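Let me begin by presenting the structure, written as structure tokens, before commenting on it.
The values are calculated or read from the model by the stated rules, or taken from the named source; none is laboratory data. Computed from a predicted model, the values in this text were never measured in an experiment. Every residue, glycine among them, receives a Cβ derived from its backbone with ideal geometry; neighbour counts consider all protein chains shown. These accessible areas exclude ligands, DNA and RNA; they are computed on the full protein's heavy atoms, side chains included. Shrake-Rupley method; radii C 1.70, N 1.55, O 1.52, S 1.80 Å.
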Amino acid sequence: MNAVSDAVASSSAPSGIAGFTGRALSNLLDLPSPTTDVSVHRGLRVPMRDGVVLIADHYEPRTAAPAGTLLVRGPYGRGWPFAALFGSVYATRGYHVVIQSVRGTFGSGGDFDPMVNEIEDGADTVAWLREQPWFTGTFGTVGLSYLGFTQWALLTDPPPEMKAAVITVGPHDVSGPRWGKGSFALNDFLGWSDLVARQEHPNRIGVLVRQLRAQRLVTRASLGVPLGESSRAMLGEGADWFESWLEHPHADDPFWTRMHLRDALDRSDVPVLLLTGWQDLFLEQTLHQYQRLRERNVPVGMTIGPWTHSHMMTKAGPTVVRETLDWLGTHLTGAPAQRRSPVRIHLTGPGWLDLADWPPPMPRLVLWPVPGGGLSGAAPGPDSGSVTFVYNPADPTPTIGGRLLSPVGGYRDDTELSRRADVVTFTGQPLPADLYVAGTPVMELSHACANPHNDVFVRISQVDEHGRSHNISDGYLASAPDSGLVRIELDAIGHTFPAGSRIRVLVAGGSHPRFVRNVGTSESTVSATTFATARHTIHLGEASRLILPAGEQPPSAH
């Protein structure tokens, strides 16, 4: 097929526009200067096996010696900011860049059913790519979030021409959708569904205003009863997939088979660079991706910065683009690698560290909750008693900060949370020296709850000299056992608690609306209309403890 003759309303933008954008972004992101001008061919038709046609734009570098080809597939359109960050930046450095709208979005045919069609459509797009006269013979993929999922879809059966992937905050598994052992990620997926359902509305100002109000709308809908009706009232006629997600809460339900790409981690040998942030909602998936590929000796790199999901195109932008160019140059053009180690992390205080692997070797620090709300390095005696709190789903413990898709996520002042009656806190003494933490904290609790329908939320916070605290790491366990030892892995962290600060542990029965509230009954999440409280008891003693990968020295590169 000829790229131009197959275009619908195809047009070539003046090379100066893309070139100017590339130069402007180079200055903004502190990148090396562009090497070529660019022509843009819009509206290319890409046929799928079932007759559906997807639409793509091609950014063509005006050079006789292109660096390679890049494929970008996503549901958010082909305009700003993707045209600039993917089209202009990489095309002005010699790459042919194809930006494609996935099925059912921005002119592409078919219906958008999130995550369901990406394996087949990705493979068909590569088949089309092979036939293009400008194709360089090999290609790489780039993109973030859903654009990372489409890359994992290709990696389930990687084409022989695929030589590199750069996956930024991209999930491979949306079973649930729940993260780790947490409950349904209500805030993220209700907000995301509303955004995607309305993103192509012709009233662009109205769409923008709604996005500014999105968190308020999500919070209000999340408190409605029943949840299915209140969510639908918010979504209107769009996002017809949402109720089916609520109706299948279990990750092992066959309903989710088409929406997880775990096979990619076991099949692909394509070199992958992973980029994420300590406060990204997909952090634990990125860590799992790295560990599995590393176990199989697949070339893999990972960078973790002090970022949220939404920071990856803003604060993280310079790092993301520079490391992407380096990875692509190494694996598509054979240029010498600038990366010095498989893992780079940002540790509060020391800054960027190069590590041989993740997690790094660290000492183990154990802290015990003690009577009176303290957190001690010495275990309390067997007769230390217990503490109780009551979770009321009619007034659920609120989410403050944490790994959210929403702009209200990330590091936040959570002092107010520690003062709630439905939260128990344990706070240590001021630290005598800096304490470096790198790895995955674990909270073990001797826990009991009279209501069998209960969840447990745990948070580590840092308390400053004025008594203000902010979140560092969270953990969540849905459907906790009635009694016995509860073990919760919290978010992996790279953090320094400075001398004079204090470590705080918070325990609650929920974090709403980040996670859908446990209504305390056996009713379905979609249709529940009644609530029951849950009285939690934590027994103090040697069994209830916080285990930190922490020491007085930061992790070493060796």
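Compared with the dominant principal axis of the Cα atoms in the chain, helix 186-198 is inclined by about 30°.
Would you mind computing the Rg to Rh ratio of the stretch 271-343 from its alpha-carbon coordinates, Kirkwood style for Rh? Before the final figure, lay out each step's value.
On the way: Rg = 12.3 Å, Rh = 12.7 Å.
The Rg/Rh ratio comes out at 0.97.
Ordered by solvent-accessible area of protein heavy atoms (1.4 Å probe), largest first, the residues R340, R322 come out as R340, R322. Angle of helix 317-328 to the longest C-alpha principal axis of the chain, folded into 0 to 90 degrees and rounded to 10: 60°. The figure for H539 is an accessible area of roughly 80 square angstrom, using a 1.4 Å probe on the protein chains alone.
Report the equivalent ellipsoid semi-axes for the stretch 136-227 in whole Å, largest first, defined as the square roots of five times the eigenvalues of the gyration tensor built from alpha carbon atoms. Can you show the working numbers first?
Details: eigenvalues 211, 74, 16 Å².
Taking √(5λ) for each Cα gyration eigenvalue gives 32, 19, 9 Å.
Compared with the dominant principal axis of the Cα atoms in the chain, helix 118-130 is inclined by about 30°. Here the mean projected area of the convex hull built on the C-alpha positions of the chain is 25.2 nm². By the helix-only formula, in which each DSSP H run with n ≥ 4 contributes -39500 (n - 2.57) and the sum is divided by residues, the chain has a 222 nm mean residue ellipticity of -6000 deg cm²/dmol. Dividing the Cα radius of gyration of the stretch 352-477 by 2.2 N^0.38 Å, with N the residue count, gives 1.18. The listed residues R220, R339 rank as R220, R339 when sorted by accessible area, largest first, using a 1.4 Å probe.
Give the peptides 458-471, 200-213 in descending order of average Cβ contacts within 10 Å, highest first. Walk me through the numbers before you get to the answer.
On the way: 458-471: 18.9, 200-213: 11.2.
The most tightly packed comes first, giving 458-471, 200-213.
Bin all alpha-carbon pair distances of the stretch 75-162 at 5 Å intervals from 0 and give each bin's fraction as a whole percent. Taking all Cα pairs of the stretch 75-162, the binned fractions are 3, 13, 24, 26, 23, 10, 2 percent. Under Stokes-Einstein, with the Kirkwood radius over Cα pairs standing in for Rh, what whole-number D in µm²/s applies to the stretch 238-394 at 37 °C and 0.692 mPa s? Reported coefficient: 166 µm²/s. Could you please state how large a percent of the accessible area of the stretch 202-307 is carbon and sulfur, counting protein chains only and using a 1.4 Å probe? Of the solvent-accessible surface of the stretch 202-307, carbon and sulfur hold 53 percent.
I'd like the FRET efficiency for R267 and D357, computed as 1/(1 + (r/R0)^6) with the beta carbon distance as r and R0 of 25 Å, rounded to 0.05. Write out the running numbers ahead of the final one.
On the way: r = 22 Å, r/R0 = 0.90.
The formula returns an efficiency of 0.65 here.
Taking every protein chain into account, the accessible area of the chain amounts to 39 square angstrom per residue (probe 1.4 Å).
Send over the per residue convex hull volume for the stretch 318-389, Cα only, as a whole number of Å³. Walk me through the intermediate numbers first.
Details: hull volume 13.4 nm³, N = 72.
Given the Cα convex hull of the stretch 318-389, per-residue volume reads 186 Å³.
Taking amide H as placed 1.01 Å from N in the peptide plane, the amide H of R93 sits under 5 Å from that of T35, each at least 5 places away or on another chain.
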